[in-house]
1. Assign unit charges at the C-beta atoms only (+1 for Lys and Arg, -1 for Asp and Glu), then state the dipole size of the chain relative to its Cα centre in Debye, rounded to the nearest 20.
2. Taking Cα extents along the principal axes in Å as the quantity of interest, determine which of [x] 31, 27, 13; [y] 42, 26, 19; [z] 36, 22, 19 was computed from the displayed structure.
3. Net charge near Ala35: determine it from the other residues with C-beta under 10 Å of the C-beta of Ala35, scoring Lys and Arg +1 and Asp and Glu -1.
4. Which order do the peptides 2-13, 53-64, 38-49, 23-34 take when ranked by the mean count of other beta-carbon atoms within 10 Å per residue, highest first?
5. Summing -39500 (n - 2.57) over the DSSP H runs of n ≥ 4 in the chain and dividing by its residue number, what mean residue ellipticity at 222 nm do you reach, to the nearest 500 deg cm²/dmol?
6. Find how much the distance from Asp4 to Leu53 grows on full extension, using 0.36 nm per residue of separation minus their present alpha carbon separation; answer in nm with one decimal.
7. Once neighbouring chains are kept in place and the probe is 1.4 Å, which whole percent of the accessible area of the chain is contributed by carbon and sulfur?
8. Please list, ordered by chain and number, the residues whose modelled amide H lies under 5 Å from the amide H of His27; skip anything fewer than 5 residues away on the same chain.
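The values are calculated or read from the model by the stated rules, or taken from the named source; none is laboratory data. Here the structure is a predicted model, which means the values were calculated and not measured. Counting neighbours? That spans all protein chains shown, and the Cβs are built from the backbone with ideal geometry, glycine included. Ligands, DNA and RNA are stripped out before the accessible areas are found, and what is left, the full protein with its side chains, is counted by its heavy atoms. Shrake-Rupley method; radii C 1.70, N 1.55, O 1.52, S 1.80 Å.
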Amino acid sequence: TASDELGKLVIFTPPGEDFLCVEPVSHDTDAFNRAAAGEADTGMRGLAPGEDLSGYVRFRPAEY
C-alpha cells in the first residue's frame, strides 16, 4: 500500500534475471520530458527551495 502522493507503480523485470524492482512513485514514467513536450497531468510536481514532499509505502509479502 502507498499514500496518495505515490499513486503510480513502476515494476521492472530484467530479462533473464530472477528478481524484480518495484518502485512506488508520484509521477508517470518520463514525466519531465512529457511535460516539457506539452503533455498535461503527468503527476510531476515542482517543489520550491526548502519545500518537500513525503509519502509512505508498506510492502507486505505473502506466500501463495
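1. Numbers: 5 positive and 12 negative charges, 20 e Å.
For the chain, the charge dipole is close to 100 debye.
2. [y]
3. Details: positive: Arg34; negative: Asp28, Asp30, Glu39, Asp41.
Spelling it out: positives minus negatives among the neighbours equals -3.
4. Details: 2-13: 12.4, 53-64: 7.1, 38-49: 9.9, 23-34: 14.7.
Averaged packing, sorted descending, gives the order 23-34, 2-13, 38-49, 53-64.
5. Values: 1 runs with 6 residues, N = 64.
-2000 deg cm²/dmol, from helical runs alone.
6. Numbers: separation 49, 0.36 × 49 = 17.64 nm, distance 1.15 nm.
So the extension gain works out to 16.5 nm.
7. Values: 2890 of 5540 Å².
That fraction is 52 percent.
8. Long-range HN contacts for His27: Lys8.
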